[in-house]
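The structure appears right after this line, and notes come after that.
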Amino acid sequence: MVSLNMFIALGIVLFSIGLLGVLIRRNIVIIMISIEIMLNAVNLMLVAFNRYKFIDSSDGLTYSFFIVAVAAAEASVGLAILIAVYRKRKTVFVNKLNTMKN
């Protein structure tokens, strides 16, 4: 049986990988994927705590559902912005998008 501590450790590792991806990478697509990894780590933690600590409640699952909805909205809006920026600037690297001119 998998314990709660294993889920916590996996959630911390996933969130750390996502945070490093956001801080280190300069490609917008990779940054968006890293944000999705961080949101999935939070979902994992919510579902794990709901399973092991709050067995009679479904609050963790409800919050997890809303996080999935927010992640889907974030992905669609982020991709729309990415396509618009790429059409205008012909690049997806953050360090080349430092100005709002033109």
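The values are calculated or read from the model by the stated rules, or taken from the named source; none is laboratory data. Owing to the predicted nature of the structure, the values given are computational and were not obtained by experimental measurement. Here Cβ is always computed from backbone atoms with ideal geometry, including for glycine, and neighbour counts include all displayed protein chains.
Suppose we keep only residues that are part of a loop (DSSP other than H, G, I, E, B) and of a type in the set (A, V, I, L, M, F, W, C) within the stretch 16-55. Which one would you say is surrounded by the fewest Cβ atoms within 10 Å (Cβ to Cβ)?
In this case the residue turns out to be ILE55.
Are there any pairs with C-beta distances below 6 angstrom linking a residue in the stretch 19-38 that is on the phi > 0 side of the Ramachandran plot to a residue that is of a type in the set (Phe, Trp, Tyr) and not in a strand (DSSP E or B), with the two at least 6 apart or on different chains, and if so which?
Partner pairs satisfying both residue conditions: none exist.
If you check MET6 against the conditions, is it surrounded by fewer than 16 Cβ atoms within 10 Å (Cβ to Cβ), not acidic (Asp, Glu) and not in a helix (DSSP H, G or I)?
In short, no.
What number goes with the only condition from (1) in a helix (DSSP H, G or I); (2) surrounded by 13 or more Cβ atoms within 10 Å (Cβ to Cβ); (3) β-branched (Val, Ile, Thr) that THR91 does not pass?
Tallying (1) in a helix (DSSP H, G or I); (2) surrounded by 13 or more Cβ atoms within 10 Å (Cβ to Cβ); (3) β-branched (Val, Ile, Thr), THR91 fails exactly one: (1).
Picking from TYR63, TYR86, which residue would you name as being at pLDDT below 85 and part of a helix (DSSP H, G or I)?
When all the criteria are applied, what remains is TYR63.
Which residues, counting only those in the stretch 63-77, are in contact with a Leu (Cβ under 9 Å, 6 or more places away or on another chain) and either exposed (fewer than 14 other Cβ atoms within 10 Å of the Cβ) or closer than 19 Å to SER3 by Cα (or both)?
VAL68, VAL70
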